[in-house]
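The values are calculated or read from the model by the stated rules, or taken from the named source; none is laboratory data. Given the structure is predicted, the values throughout are model-derived calculations rather than measurements. Glycine gets a Cβ as well: all are built from the backbone with ideal geometry, and neighbour counts include every protein chain shown. Heads up: the accessible areas ignore ligands, DNA and RNA and are worked out on the full protein's heavy atoms, side chains in. Shrake-Rupley method; radii C 1.70, N 1.55, O 1.52, S 1.80 Å.
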Amino acid sequence: MAMKVGEMLINKHLITPQQLKLAIKEQQKTGELLGQALCRMGYLEDEQFLQVLSQQLNIPFVKLRDVDIDASAIKKLPAKFAWYYKIVPISYADRKLTVATFDPLCSLNDVKKFLGCEIIPVLATENDLTKAIEKYYGVGAETIEEIIAATPQENIEIDSSKKITDIEKMAGDASVVKLVNQIILEAYQKRATDIHIDLFRNKLSLRYRVDGILYKANTSADMVRFFSAIISRIKIMSNLDIVERRLPQDGRAIVKIGEMELDLRISIIPTRYGEGLVIRILPTKMLFSLKGLGLQPAELTILEKLINKPNGIIFATGPTGSGKTTTLYACLNKIKSSKNKIITLEDPIEYELEGITQIQIMPEIGLTFAQGLRSVLRHDPDIMMVGEVRDLETAELAIRIALTGHLIFSTVHTNDAAGGITRLLDMGIEPFLITSSVRGFIAQRLLRVICPDCKEEDTTVGVEIKKLMMKEISEFSKFYRDNPEQNTEFANLKERDIHFYRGKGCEACNFNGFKSRTAIYEILVVNKVIKELILKKASTDTIREEAIKRGLKTLRLAGWERVIEGITTPDEVMKITQIEE
């Protein structure tokens, strides 16, 4: 039959006779299906093979994402059968269960005997089947069934023998270890940056943060029974106290997925019904590049001038999770060399940077940012990064160190670049110290990027949005109209030239319409005019207005620029930027 299918593929000009011979030879070595061999070798797509097989066997081919799956059919088939045979029940009626499979010749007799009904197969791609099983049965559903069947909950044992856990190699163990591994693996595959596990009254919530937004993961209702075991396993992985449940705990662990190592930051807090868990997922190695941050050419030029100053302080501003640390890492990576010594004080250390000395702040033993700054000076650094300026003592120390000839990078929590100045003044820093040491403020936000695979023009956006854009561009970009060579996007821009786009939703973006994020920036250089305003203790609005007159591109304007370029949506820009009335 394999040859007959092969002949059909050749007749349809989907493969060549030589490719068929090579695939059959490979199939004999591996024992896999002919279609799997052809697809793995890159000769054919899964869907192409299954459509031909559908004709040959007279079995319908379906796209599971377009099929309405009956909930009663899902309940009819246990998760362990679905995962083992890679089948998805679609409908059940008159003692007949219709199931989707990529291998119609696989033995379904076990399923038939277990259910006591007739099995009617239809064809679907293996990728679609895997996603459908995850969607309808939940994360680790088959593992939970195996645990329940094999061992009472109170007798579950947790393997703590490995510091670095190779998730994929341990997938065959029916245990809580495997269940935790499946949760982390799925989060990684969905591009999640955080995993949130919370316990409520008789209910467990599992959510993944993808591109800054939390999405609920489908889980088995029985997972709540293993909540304590899941927390204990994660505590063991991160060397935390298993017995302590009344106090917050923080730890870290390293897991391995294929060739990729991930650094996990664990945070556990006591809650009303148990403990709340958040896992931050960080790659142990990342490439930090200024060009990869999303800076426009003019912004990149300004930033490179700032970071190449011999001394002074550069502040990154913005709320938590806006990418400030990543921007500062990229700056350090750009200027590091064997000729200078760079030391960072961080809480926590998020990424490892080769060639840079990184220090973890530990306030519980007295190692604060201020104490660390005093000690670090004895190590003769040229450049320093202070994770955050939180108080007057740290701010004064950083400023005085900058005045002695050091270049310092740090962060401060404010809404915009001009707000960084008033934040320092509010801390109690003297204006003359700010004007003498601070070189610039970099405010930033992260915008979700429209998925390129399902991007389409959005004709549903109202005309009022275009009018709002044109009004704000007119108000904030007078500098660019007078100097069009500085910004070609806004030069002679007409309302009719603006087109909006959106992501329709596809597999590549998990049907969210967005895939990855990019940053927008507002870079305020502390020049002579700004220094005069600081010495007068001018308000944030006054400093901001004066900076705009001299070419400051606001976050809002940078956001509209990304909309005009078709990178993001108007809703996304308005959501993360604010306009003072």
Looking at (1) among the hydroxyl-bearing types (S, T, Y); (2) farther than 29 Å from I421 by Cα; (3) at pLDDT below 85, which one does Y501 not meet, given that it meets all the others?
(3)
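Kindly indicate the residue of segment 199-220 that is part of a strand (DSSP E or B) and touching a residue at least 60 places away in the same chain (Cβ under 8 Å) and also nearest to I231 (Cα to Cα) among those meeting that condition. Full working, then the answer.
Let us first name the residues in segment 199-220 that are part of a strand (DSSP E or B), namely 199-200, 203-210, 213-216, 219.
Those left that are additionally touching a residue at least 60 places away in the same chain (Cβ under 8 Å): 199-200, 206, 210, 213, 215, 219.
Details: L199: 11, F200: 14, L206: 13, V210: 22, I213: 23, Y215: 21, T219: 16 Å.
Per the criteria, the residue is L199.
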What pairs can you find where one residue is in segment 234-257 and in contact (Cβ under 8 Å) with a residue 60 or more places away in the chain, the other is of a type in the set (F, W, Y) and open to solvent by 30 Å² or more (accessible area, probe 1.4 Å), and their Cβ atoms are less than 8 Å apart, with a gap of 6+ or different chains?
I257/Y188
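For (1) under 22 Å from the mean Cα position of the chain (by Cα); (2) modelled with pLDDT of 55 or more; (3) among the charged types (D, E, K, R), each residue gets a yes or a no:
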{"site": "D128", "(1), (2), (3)": "no, yes, yes"}
{"site": "E134", "(1), (2), (3)": "yes, yes, yes"}
{"site": "A141", "(1), (2), (3)": "no, yes, no"}
{"site": "I144", "(1), (2), (3)": "no, yes, no"}
{"site": "E154", "(1), (2), (3)": "no, no, yes"}
{"site": "A171", "(1), (2), (3)": "no, no, no"}
{"site": "I183", "(1), (2), (3)": "yes, yes, no"}
{"site": "A192", "(1), (2), (3)": "yes, yes, no"}
Residue satisfying all of: in segment 220-268; open to solvent by less than 30 Å² (accessible area, probe 1.4 Å) and of a type in the set (V, I, T); nearest to G138 (Cα to Cα) among these
I230
Just to be sure I understand, how many residues within segment 509-554 are under 25 Å from I429 (Cα atoms) and part of a loop (DSSP other than H, G, I, E, B)?
7
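Can you work out which of the residues in segment 278-294 that are among the aliphatic types (A, V, I, L, M), open to solvent by 20 Å² or more (accessible area, probe 1.4 Å) and assigned to a loop (DSSP other than H, G, I, E, B) is farthest from G551 (Cα to Cα)?
Here is the first cut: in segment 278-294, the residues among the aliphatic types (A, V, I, L, M) are 278-279, 281-282, 286-287, 290, 293.
From what's left, open to solvent by 20 Å² or more (accessible area, probe 1.4 Å): 278, 286-287, 293.
Restricting the remaining residues to those that are assigned to a loop (DSSP other than H, G, I, E, B) gives 286-287.
Numbers: M286: 33, L287: 31 Å.
Going through the qualifying residues, I end up with M286.
Out of the residues in segment 210-248 that are among the basic types (K, R) and touching a helix residue (DSSP H, G or I) at 6+ places or on another chain (Cβ under 9 Å), state the one that is nearest to R517 (Cα to Cα). Even if it seems obvious, please write down each step before you answer.
If we filter segment 210-248 for residues that are among the basic types (K, R), which is where we start, we get 216, 225, 233, 235, 245-246.
From the residues that got through so far, the ones that are touching a helix residue (DSSP H, G or I) at 6+ places or on another chain (Cβ under 9 Å) too are 225, 233, 245.
Values: R225: 36, R233: 32, R245: 36 Å.
Step by step, filter segment 210-248, then rank; the result is R233.
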Find the residue count for segment 297-338, including only residues that are part of a helix (DSSP H, G or I), within 20 Å of M286 (Cα to Cα), open to solvent by 50 Å² or more (accessible area, probe 1.4 Å) and in contact (Cβ under 8 Å) with a residue 60 or more places away in the chain.
0
Restricting attention to segment 37-69, which residues are among the basic types (K, R) and either surrounded by 15 or more Cβ atoms within 10 Å (Cβ to Cβ) or within 17 Å of Q19 (Cα to Cα) (or both)?
R40
Six or more apart or on different chains, Cβ under 6 Å: which pairs go from a residue in segment 176-194 that's farther than 14 Å from M260 by Cα to one that's assigned to a loop (DSSP other than H, G, I, E, B) and open to solvent by less than 10 Å² (accessible area, probe 1.4 Å)? Could you list them?
L179/G140; N181/I167; Q182/G140
State the number of residues belonging to segment 339-378 that are open to solvent by less than 50 Å² (accessible area, probe 1.4 Å), small (G, A, S) and touching a residue at least 12 places away in the same chain (Cβ under 8 Å).
2
